[in-house]
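Written out below as structure tokens is the structure these notes cover.
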Amino acid sequence: MEIKVGLASCGLAAGAGEIYKAIENYLAGKEIDVTLKKTACIGMCFAEPIFEITTDDGKSITYGRVTAEEVGSIIESCLKKEPLLEKAILSPDFECPENENLGSQTRIVLRNAGHIDPESIDEYLANDGYKALEKVIKTMKQEEVIKVIKDSGLRGRGGAGFSTGLKWQFAYQNESDKKYVICNADEGDPGAFMDKGILEGDPHSVIEGMLICAFAIGADEGYVYCRAEYPLAVRHLKKAIADAEERGIIGENIMGTDFNFSLHIKEGAGAFVCGEETALIGSIEGKRGMPNLRPPFPAKSGLWGKPTNNNNVETYANIAWIILNGAEEYRKFGLETCPGTKAFALAGKIRNSGLIEVPMGTTLRNVIYGVGGGMKFDKPFKAVQLGGPSGGCIPEHLIDTPVEYESILKTGAIMGSGGMVVMDTDTCMIDIARFFLNFTQNESCGKCTFCRIGTKRMLEILNRITSGEGKMEDIDTLDKLAHQIIDTSLCGLGKSAPNPVLTTIKYFREEYIAHIVEKRCPAGVCTALLKYTIDAAKCIGCTVCARKCPVDAISGTVKQVHVIDQDKCIKCGACYEACRFDAVKKV
Amino acid sequence: MDKKEKIDAIIAKFKGKRGATIPLLQELQEVEGYLERETISYVAAETGIKIADMYGVATFYSMFRLKPQGRHIIKVCKGTACHVSGATAIFHAIQGHLDLTDVEDTTSDGKYTLMEVACLGCCSLAPVMMIDEDTHGKLTPDSVGKILDRYE
Ligand SMILES: Cc1cc2nc3c(=O)[nH]c(=O)nc-3n(C[C@H](O)[C@H](O)[C@H](O)COP(=O)(O)O)c2cc1C
Ligand code: FES
């Protein structure tokens, strides 16, 4: 029997470390044949901590939300071939609650995540690892590799969706004594964690993609630019590079050929704009990460002025699969114009939040209500946010939009890198617009005037509206500023920063009007328009609210009606959540 | 190793390498928890990197700190998923618990520094915060105090 525990950052935060120890303790000193292994995130973050048991007859079950006390009885039941199914989530062999939803994915980039030990190069090798590299450097010409990637129709997963094959071709055609490959692992969109899942769970797949790219374009050196907030991803990546070097997969005369490649990691220092490729290159060069005008594109003049190919983590993770299975096989998934699959990070008010992968062109409805399992609470769906600070909020009536670059663009949002934050009627759309604008305004590098100052003016207006001081003409001013920023900004940050505002005005105009005219926040979020009070007729003086209040704003003794001191109240809603007698009112 | 030896070792590692400013400052910051003025001047003199370039980088990237920080760093996630799950209330509850105002980020006893980050990549456990290297998820305004009190 084999037990695999998910020890990625999400698992560890939910207590997977203790589960691993509990299993070790349980197995210690027992005469049973069980192998205990570590793996990363299988994507079911909502059910962490998770482990998977594979019995000797090849049947497997994934258990979730387990506690250390339950570990023993679950293992015992599996040894007896009568597995306990109460905590089972997913299984190809037994009836489990998520078989239909989560079982319906197509996993190419996440093929190994959550299945293999990301720190073991041998496990990667045992799963066809580095076979694509071997095929490429021993049997293929550079042009042939580029043709396969072009034919596959793979488009960059970092957001813009540019043809990967074409990009490689440009870098290949630009002759130079030195070329570079870069992997963009900056993943700055808040609410997106696909790249983190891939790097923590299967770092070798990204390295293999980079090696193949380096061979194809004629580069011999590469950088992975990784976000500082991802310490575990960096650790796994460092180990993977060291192991690959030791096995002669990175270095000189790779696999006995005359292909050489060295790979470095650059840790980001916290700047969203560094996800933009020219800023990223500046940052690797040790400068402030300010975007530059393109052309020249990096394929012509990139890192230290040399031809450079930059792709996203997920883009690289597709490459080895495409080489091994062929372009035609890849095109069987997804759409004609947009083949393959896409990984999404589901978060917010969705039941199965976590990391999933579906064919391109799957509708938002199928992602949210299918794989995603629907809404988390009993509040109805209101919107889904795609594309982070550059994207927008897609409302209920467009939920049958297929996820694919062009269709999403038509809604006013963008496909982005794959973060999907689901919102219910408890979310205020003006607050969301303000949230993103606050983010982009903070992260603007300051180079372009409209991006630097225009976003600030827009933010001031949104602050005004959410505090009940908005005017009707503010909506038009927002729209005007938005278009000026789009027209005059150099890079994608400014060009797309107004999207969250524009989409919310487009789809949720009545909510803006409620804030401005009625001084009311329909979702009950904007604290300035909101007050918590205690209904004297319903309060029985149980003191629970007073004890829950983090700032001691509630006074009252046992069996007496409690009162909220409005000056002290921070409107966190803790009392509202805590009251079992429906006595705390949001007005 | 004392402080000067540590700094000299870092200088030796990066001196003369191109593109070294950011990793150099990252390692320097680990020595004292922040970038001291004297350290920057000293490193500038030793490496030939201009003071202005170092400050240019240090003030551009949010990870660099120019002030001393607390023994424990609390990073409250204010990413999208955490925002819609009540991160603002969590932040205020921590501020309240530590008696911090909007303009201070470090407690007067030097125990904690409170910061915001945009997404720790654990969105499924929103709202989330990170204290030093540990991530804590599914926070509520009244659970944060208990978690904070566990740190010495
Ligand atoms: C403000 C801004 C932030 C970006 N952040 C990222 C990012 O975090 N990760 C990423 O892969 N691409 C990001 N991009 C897109 C990159 O500039 C670039 O298009 C991408 O890395 C190319 O890789 P691909 O062709 O594989 O998608 C960002 C672009 C902009 C304008
Ligand atoms: S939004 Fe908080 S962890 Fe992602």
Q. Of all residues in the range B:67-85 being of a type outside the set (A, V, I, L, M) and closer than 19 Å to A:Ala528 by Cβ, which is surrounded by the fewest Cβ atoms within 10 Å (Cβ to Cβ)?
A. B:Lys78
Q. What number of residues within the range A:223-252 are within 16 Å of the chain's Cα centre (by Cα) and of a type in the set (Ser, Thr, Tyr)?
A. 1
Q. Just checking, which of A:Met429, A:Met458 is away from ligand 2 (no atom under 16 Å from the Cβ) and within 12 Å of chain B (Cβ to nearest Cβ)?
A. A:Met429
Q) Looking at the range A:44-64, is at least one residue out of contact with any helix residue (DSSP H, G or I) (no Cβ under 8 Å at 6 or more places or on another chain), surrounded by fewer than 21 Cβ atoms within 10 Å (Cβ to Cβ), acidic (Asp, Glu) and more than 20 Å from A:Leu346 (Cα to Cα)? A) yes
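If we keep just the residues of the range A:280-301 that are small (Gly, Ala, Ser), within 13 Å of another protein chain (Cβ to nearest Cβ) and touching a residue at least 24 places away in the same chain (Cβ under 8 Å), which is nearest to B:Lys15 (Cα to Cα)?
Per the stated criteria, the residue is A:Ser283.
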Q. Restricting the first residue to the range B:106-125 and requiring it to be among the charged types (D, E, K, R), which pairs with a second residue that is away from ligand 2 (no atom under 14 Å from the Cβ) and not in a strand (DSSP E or B) meet a Cβ separation below 8 Å and a spacing of at least six or different chains?
A. B:Lys111/B:Gly70; B:Lys111/B:Arg71; B:Lys111/B:Tyr151
Q: Report yes if some residue within the range A:166-186 is within 22 Å of the chain's Cα centre (by Cα), of a type in the set (D, E, K, R) and within 16 Å of ligand 2 (Cβ to nearest atom); otherwise report no.
A: yes
Q: Quick one: which residue in A:Leu530, A:Leu493 is modelled with pLDDT under 95 and within 14 Å of chain B (Cβ to nearest Cβ)?
A: A:Leu530
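Of the residues B:Glu104, B:Glu32, B:Glu116, only one is at pLDDT below 95, under 15 Å from the mean Cα position of the chain (by Cα), within 14 Å of ligand 2 (Cβ to nearest atom) and farther than 21 Å from A:Gly11 by Cβ; which? Give the steps one after another, and end with the answer.
Working: B:Glu104 fails: within 14 Å of ligand 2 (Cβ to nearest atom); B:Glu32 fails: within 14 Å of ligand 2 (Cβ to nearest atom).
None of the others qualify; the one that does is B:Glu116.
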(Q) Please count how many residues of the range A:283-323 are more than 10 Å from ligand 1 (Cβ to nearest atom) and among the polar types (S, T, N, Q). (A) 4
Q: Spot the failing condition for A:Leu133; the list is (1) in a loop (DSSP other than H, G, I, E, B); (2) in contact (Cβ under 8 Å) with a residue 60 or more places away in the chain; (3) over 19 Å from the mean Cα position of the chain (by Cα), and only one is missed.
A: (1)
Q: Among what's in the range B:1-13 and is of a type outside the set (Val, Ile, Thr) and at pLDDT 95 or above, pick the residue that is nearest to A:Glu285 (Cα to Cα).
A: B:Lys13
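Would you check if A:Ala113 is surrounded by 18 or more Cβ atoms within 10 Å (Cβ to Cβ), aliphatic (A, V, I, L, M) and within 16 Å of ligand 2 (Cβ to nearest atom)?
When the stated conditions are applied, A:Ala113 does not pass them.
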Q) For residues in the range A:283-327 being more than 18 Å from A:Leu110 (Cα to Cα) and polar (S, T, N, Q), which is surrounded by the fewest Cβ atoms within 10 Å (Cβ to Cβ)? A) A:Asn292
Q | Residue match in the range A:357-379 (condition: more than 11 Å from chain B (Cβ to nearest Cβ), closer than 30 Å to A:Lys410 by Cβ, among the aromatic types (Phe, Trp, Tyr) and within 16 Å of ligand 1 (Cβ to nearest atom)) | A | no
Q: Taking the options B:Ala9, B:Ala45, name whichever one is surrounded by 12 or more Cβ atoms within 10 Å (Cβ to Cβ) and of a type in the set (Gly, Ala, Ser).
A: B:Ala9
Q. Do you know which of the residues in the range B:86-139 that are within 16 Å of ligand 1 (Cβ to nearest atom) and small (Gly, Ala, Ser) is surrounded by the fewest Cβ atoms within 10 Å (Cβ to Cβ)?
A. B:Ala118
Q: Any chance you could count how many residues in the range B:3-33 are more than 14 Å from chain A (Cβ to nearest Cβ) and within 24 Å of A:Ala271 (Cα to Cα)?
A: 4
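The values are calculated or read from the model by the stated rules, or taken from the named source; none is laboratory data. Note that the structure is predicted; figures quoted are calculated from it, not measured. Reconstructed Cβ throughout: ideal geometry from the backbone, glycine too, with neighbour counts over all protein chains shown.
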